[in-house]
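Visitor: The structure is given below, and queries will be raised subsequently.
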Amino acid sequence: MYDKSKITLGKTIKNARQQHGFSQTDLCKLLIMPSDNFQTIDRCLLSKIENNRVDVRSSEYDWLISRIAGIFALDVVWLEEIRQQTEVEPFDFSKVLAVFPVYFNEKTYEL
C-alpha cells in the first residue's frame with residue numbers, strides 16, 4: 001500500500017521548486033542538459049514526477065538527481081536515497097473523477 005506520509009523525490013522537488021519561487025516551466029528550462037543525448041523533461045513529465053506518477057527509480061532518470069542537486073544545492077546521496085524509496089502512487093479511482101470539460105461521478109457511470 002502506498003504511504004502518503006513518506007518523503008518522496010516528487011514532493012522534495014516540488015517543495016524545493018516552490019521555495020525558490022520557480023514555476024514548473026522555469027525548472028524545466030534549468031533542467032536542460034546539453035549533451036550527446038540531450039536530456040530534459042517537459043512540464044507534463046515534471047508534473048508526473050512531482051505527483052509520483054512515474055517510476056523515478058528507472059535508470060532513465062539517473063541524470064535528474066545530479067541536476068536537481070545542483071540547482072537546489074542539495075546532497076546527491078540524500079536525493080538518491082529518497083529516489084530509491086519513492087514508489088509510484090496509484091491513481092485513486094474511488095473518488096469523483098473530473099475530465100475537462102466533461103465531469104462524471106463513478107456512482108453514475110460504470111468504470
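The values are calculated or read from the model by the stated rules, or taken from the named source; none is laboratory data. The shown structure was predicted, so the numbers you read here are calculated from the model rather than taken from an experiment. A quick note on method: Cβ atoms are made from the backbone with ideal geometry, for glycine too, and the neighbour counts reach across all protein chains shown.
Visitor: Is it the case that Thr25 is surrounded by 14 or more Cβ atoms within 10 Å (Cβ to Cβ) and either assigned to a helix (DSSP H, G or I) or at pLDDT 95 or above (or both)?
Guide: So Thr25 fails the test.
Visitor: Report the residue count in region 75-111 for those that are farther than 15 Å from Glu50 by Cβ and either at pLDDT 95 or above or within 18 Å of the chain's Cα centre (by Cα) (or both).
Guide: 10
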